[in-house]
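Notes to accompany the following structure.
No value in this document is a laboratory result; all are computed from the given coordinates. Here the structure is a predicted model, which is why all the values come from computation and not from measurement. Reconstructed Cβ throughout: ideal geometry from the backbone, glycine too, with neighbour counts over all protein chains shown.
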There are 4 protein chains.
Amino acid sequence: MVQPIRFSANINTFNAGADRYVLSGYGERYPTDKLIRMATEIDGLSGIELVGMWHVNDGNVETIRKQVADAGLHVSCVTPDIWASSQWGKGSFTSNDPKIRAAAILEVKKSMDWAKQLNCEVIDLWFGQDGYDYPFQANFETAWDRIIDGVVECAEHRPEVKIVIEYKPKEPRTHCYIASVGKTLLLIDRVKRPNVGAMIDVGHALMGYENVAESATLLHYFGQKLFYMHFNDNWRLWDDDMTVGSVHTIEMLELLYWLDRINYKGWYALDIFPYRENGQRAAQESIRWLQGFQDLLDKIDRVRVDRAIEENDAMETSTILREALLG
Amino acid sequence: MVQPIRFSANINTFNAGADRYVLSGYGERYPTDKLIRMATEIDGLSGIELVGMWHVNDGNVETIRKQVADAGLHVSCVTPDIWASSQWGKGSFTSNDPKIRAAAILEVKKSMDWAKQLNCEVIDLWFGQDGYDYPFQANFETAWDRIIDGVVECAEHRPEVKIVIEYKPKEPRTHCYIASVGKTLLLIDRVKRPNVGAMIDVGHALMGYENVAESATLLHYFGQKLFYMHFNDNWRLWDDDMTVGSVHTIEMLELLYWLDRINYKGWYALDIFPYRENGQRAAQESIRWLQGFQDLLDKIDRVRVDRAIEENDAMETSTILREALLG
Amino acid sequence: MVQPIRFSANINTFNAGADRYVLSGYGERYPTDKLIRMATEIDGLSGIELVGMWHVNDGNVETIRKQVADAGLHVSCVTPDIWASSQWGKGSFTSNDPKIRAAAILEVKKSMDWAKQLNCEVIDLWFGQDGYDYPFQANFETAWDRIIDGVVECAEHRPEVKIVIEYKPKEPRTHCYIASVGKTLLLIDRVKRPNVGAMIDVGHALMGYENVAESATLLHYFGQKLFYMHFNDNWRLWDDDMTVGSVHTIEMLELLYWLDRINYKGWYALDIFPYRENGQRAAQESIRWLQGFQDLLDKIDRVRVDRAIEENDAMETSTILREALLG
Amino acid sequence: MVQPIRFSANINTFNAGADRYVLSGYGERYPTDKLIRMATEIDGLSGIELVGMWHVNDGNVETIRKQVADAGLHVSCVTPDIWASSQWGKGSFTSNDPKIRAAAILEVKKSMDWAKQLNCEVIDLWFGQDGYDYPFQANFETAWDRIIDGVVECAEHRPEVKIVIEYKPKEPRTHCYIASVGKTLLLIDRVKRPNVGAMIDVGHALMGYENVAESATLLHYFGQKLFYMHFNDNWRLWDDDMTVGSVHTIEMLELLYWLDRINYKGWYALDIFPYRENGQRAAQESIRWLQGFQDLLDKIDRVRVDRAIEENDAMETSTILREALLG
């Protein structure tokens, strides 16, 4: 790895996580300035993600910019909130209500403005509420029309800010429209704007039975569209948002190998929900696992790995990985 | 079906549902008395479930008893809340903290007391927080010791109140200890108290790749331990808590067929989360689907079905079901 | 439904099915002429699918053409065998061995020739062996290059024969490259030939957590590329290849509704593996379920369904479907 | 680890694997004597498994005994074939045909006899064909009656030979009766014979969303019934039968940790299907991964791990494992 890796984390990592049973959260809740200070205490963390309206708004953007700068951090991504209140419950860009659609698009544009002011290159477009729950509930054609049109409108608002599409198979809807790496590339193809690309959230890919390394490579292969990465881990069937390295070892190594091979230069951001764990420790562990994986990849004979892959020699890569991990 | 079916629903069905993204809920929230009144407006509904502390407590139990009676309803089940606040986050009966364990057992006993006062036969023991999230996080032996001991203590508190164990593979923990029909029967076997049995939540069984009809029959086969039923539906991989009939048709018919065959006489209770739907309409639809399924089963030639099952003749049952459903 | 539906089935439906444990098969094996005669005994079946080399080859194509015509049947599809012998075990179009790649492409071209001679419009390109089993085993970029190039070469061989890409998430490889509806559309986009489109195998879509109705609509939405349909059923997690209607009812209705709505005019072909069932009865049941589903859709108030979908009103469609199915 | 680990492998590991598409197999097929010789070439392998009728029968048992002894190997397990020919297709012990049931039980008894003659302690009872494929196809009560009765009869045939029940959720049936660790313990409880216990096949547990370490511990907790282990790996949703270590690292470590903690002294046997890989290399890699995992566990501070587990401290075990694996 020649290029140094830049780590980021959503500052909510340090806040209480909640779920549908414990709505008040499993831990303590803190104000934004405290969350930013908590980020500075994590070794190796140089970036933070902010959520629009939760952490940044028209009134506080300059204050936040200064707080982040004073803390020696960068804002790696701003995420517009178009999924965390009941107004978006039946869709944001795909809502049947034109007022909701307009409001959602406005929310994204505002996040692009804030990103610009915060010297942040990326905003994260996650269509969590755009999907359906029941059979016979959705007009798929109308939904795609609206998503394509909406993304184009946002992309043109500020061509200098990158929009990264974050796909997810389900949750909070039982089916999300932008569900997989393939559908994400179809959307990017139709939108055809240079500032529109994708992120991979590792857990979202895993829960869709994608091999994350393959998905990352395909986003690169089809137009160099991998702009951002969200790291976490899970048990493969649900977005458990666990700490990096807690379940998947070999697949994480394959992902990091291919990120290097396709020359990915974006942030390595954490998107974890450490419900019952200490958020700072969870972030620190996640970063140390990623660093440890990178160090291991630096040590192995890359020519030998490359050749084994060219030859599809699974037993040879088994040997290489085993010797690197277990000596 | 000779015996008339009794339908029940948790009164939260009529309240706003929330999830980890929309913590404030997708709809309106109502007080308990309003929720009880809303239940009376559902055709066919004669029972309600209450949650301990949410709806019933030492101070209001007599008031609630009267409200329910005046509404012409029965309380089919009281569910102790040992999973909906952060104190239970690292386990209730299996917590490492003896004070938490004692508090959880006390909560269950109080629900048994309230059930008694409400002329309700059943309390629902769901160990949602008793499990683990990460590998290397749990001592499985200690956990089972604590669960067995705790259930025995509760069972002896009021032998006239039935305790039904509600199993679930995961959520809110990534792994729950009491995860499957098999583990539930092991627990019941070790506890060995006549007032301890099981319920099946249809969605929990589906998400564990159980055939619900088979699970119900096994609970009957191993000691007549099926005491209660929770109905809902999902897409088989997660506890989506959808309305009955929305996804599964044939398997629901097989379940109802076997419930009749094993002479199940307990409640048919709804446990649905109609996040974005009208709660009353969702309950009404669920009951009408169940009634419709029962009517269909009443019409088909039972001798022919029984014989096809004895002969494992899947194409014959295909024909019978097709003719019944599609004419 | 104005247009009459044309049903087809692979003639192997009537042959013994085998799996990795019972390699010699669960039933009897018959010669091709017998299998064709067996097809004529199925009510409603007017088409058959043949597999290249298994049923048709350069030496017998005229004989087969005559047998099929005499039987009053049509050949709906020829499937080149590029996945059923050990030579394809490490890939067909994506093999590292250029001789294997050339042989696979030749096999496809020959199937196109036979299709032409048999008055058949469609050949089925299923890349079952093109994928990988282990992490660190595949070069994803090279694989896609080879698939794109190979499909272009085949498409140009006979522009008058349609090539339909059949996607599948896994099996026989643990990961197939052409795994989902999204990836299939990316391939079709890059190949850019009017005679290259897709088929959906219902079971393959289900096992990928796709809603089949949505996948069909997307293939139509992105360039009218749904050319063919394979029907079967499964328990959603594996390609169980069961008879139609045996598990999924509501989703099958949603699929047929959308096939009608997008004006799909291709074959409704069966791709089932009735391992332990009588193949003819399994085919007959499958067709009757499809016919029954169509009849039900013809009876319901289409304006009311359309409106409920536009309004995303899941409880309204619940009511409509319940009344149609259960009266 | 004080006790040395004994490794075994089914000799079919070295034979061509086949699946439902490539019925003739992906590689070469060898006679039994050659397969035994191939086993001797694997470092660390001291045991082999044989399948009744495939490798051992009344006529050759003495020859085989001598071949194995001369090769310096032990027979760790004999597996009666009650699942690999069409006669068992609709069940072995649960068949509706009393002649089939009797034949299956006889097959098991013969394997017990051969085991005895081969100085082998264990036979493996896998009910792969005992289940069902379709809804409304099975009488669950009759099936359990027959399984319990049959196992009792076999257990009494030779109390000195251990019968290990091998559970699996599905395949070749879409649902197997003995599907999970919980159901296996229920069966063992009802059978109540000291020579009847269980094995865990790692892949079978993984595909049922079991945490294998937990399942092993429960088999120990409920009567010390873990008699045998089958190792392999998969992508968690299907029995891919891959080499050990190829996908799961942390969970495999947790399993080995608990096997040691519950004082498991049985064989560590491989049950892999290296379809496209060299069988000997696949076995060698699997054993080396297991040895490497054990070496790693020997190096870590066991007191620290034990304490972290008692305290459910997932971040502490994350640190311990990370430092051990990645330095």
D from B by rotation - nearest chain B beta carbon to the axis, in Å = B:Gly182, 1
Ascending count of other beta-carbon atoms within 10 Å, so fewest first, for B:Arg101, C:Arg307 = C:Arg307, B:Arg101
task = Please arrange A:Asp295, B:Asp239, C:Asp19 by counting, for each residue, the other beta carbons lying within 10 Å of its beta carbon, fewest first.
result = A:Asp295, C:Asp19, B:Asp239
Environment charge at D:Gly44 (Cβ cut-off 15 Å; Lys +1, Arg +1, Asp -1, Glu -1) = 0
remark   = Treating every alpha carbon of the protein assembly as shown as one equal point scatterer without solvent, the Debye formula yields log10 I(q)/I(0) values at q = 0.08, 0.09 Å⁻¹ of -0.95, -1.27
inquiry  = Could you derive backbone 3J(HN,Hα) for the range D:195-201 from the dihedral phi with the Karplus parameters 6.51, -1.76 and 1.60 (θ = phi - 60°), listing whole Hz in sequence and x where the residue is Gly or Pro?
reply    = 8, 10, x, 9, 10, 10, 8
query = What chymotrypsin sites (Phe, Trp or Tyr not before Pro) in the range C:36-105 are in a loop by DSSP, with at most 13 other Cβ atoms within 10 Å of the Cβ?
reply = none
query = Which percent, nearest 5, of DSSP beta bridges in chain A are antiparallel?
reply = 10
query = At 4 °C and 1.567 mPa s, what whole-number value in µm²/s does Stokes-Einstein give for the translational diffusion of the range D:54-209, with Rh from the Kirkwood sum over Cα pairs?
reply = 81
query = Which distances, in nm and shortest first, link the D:Gly223 label point to the same label point in every other copy, taking 7 Å along Cα→Cβ?
reply = 1.3, 6.1, 6.2
message = Please list 3J(HN,Hα) in residue order for the range D:291-305, calculated via the Karplus relation 6.51 cos²θ - 1.76 cosθ + 1.60 where θ = phi - 60°; whole Hz, with x for glycine and proline.
response = 5, x, 4, 4, 4, 4, 5, 5, 7, 6, 6, 5, 4, 5, 5
Within straight-line cross-link reach of C:Lys99, aspartates and glutamates at Cα separation under 18 Å, skipping those fewer than 8 residues along the same chain = A:Glu310, A:Glu311, C:Asp81, C:Glu107, C:Asp130, C:Asp145, C:Asp149, C:Glu153
Order of A:His248, A:His74 under a 10 Å beta carbon neighbour criterion, fewest first = A:His74, A:His248
query = At C:Thr142, label 7 Å along Cα→Cβ: distances to the other copies, nm, ascending?
reply = 4.9, 5.1, 5.6
query = How many nm is it between the label spots at A:Asn119 and D:Asp97, if each spot is 7 Å from the Cα in line with the beta carbon?
reply = 8.0
query = What is the diffusion coefficient of chain B in µm²/s, taking the Kirkwood radius over Cα pairs and the Stokes-Einstein relation at 37 °C with a viscosity of 0.692 mPa s?
reply = 162
ask   = To the nearest 0.05, what FRET efficiency results for B:Arg304 and C:Arg193 with a Förster distance of 56 Å applied to their C-beta separation?
value = 0.60
request  = Compute the acute angle (0 to 90°) between the alpha-carbon long axis of helix D:140-157 and the principal axis of greatest extent of the alpha-carbon atoms of chain D; round to the nearest 10°.
outcome  = 90
inquiry  = For chain C, take the longest principal axis of its alpha carbons; what is the angle in degrees between that and the long axis of helix C:250-261, to the nearest 10 within 0 to 90?
reply    = 80
inquiry  = Quick check: net charge around D:His157, other residues with Cβ under 12 Å of its Cβ, Lys/Arg +1 and Asp/Glu -1?
reply    = 0
key: Principal-axis tilt of helix B:61-70 within chain B, Cα atoms, nearest 10 degrees   = 20
task = Treat every Asp and Glu Cβ in the protein assembly as shown as -1 and every Lys and Arg Cβ as +1, leave all other atoms uncharged, and give the resulting dipole magnitude about the Cα centre to the nearest 20 debye.
result = 0
message = Please report, for C:Arg37, the nm distances (one decimal) from its label point, 7 Å out from Cα along the beta-carbon direction, to the equivalent points in the remaining copies, shortest first.
response = 4.9, 7.6, 8.9
task = Starting from the exponent 0.38 and prefactor 2.2 Å, build the expected Rg for the range B:221-312 from its residue count and divide its actual Cα Rg by it.
result = 1.18
request  = For C:Trp54, put the label point 7 Å out on the Cα→Cβ axis and report which residues of the range D:8-42 keep their amide N under 13 Å from it.
outcome  = D:20-24
inquiry  = Once you place label points 7 Å from the Cα toward the Cβ at A:Leu106 and D:Glu153, how far apart are they in nm?
reply    = 7.7
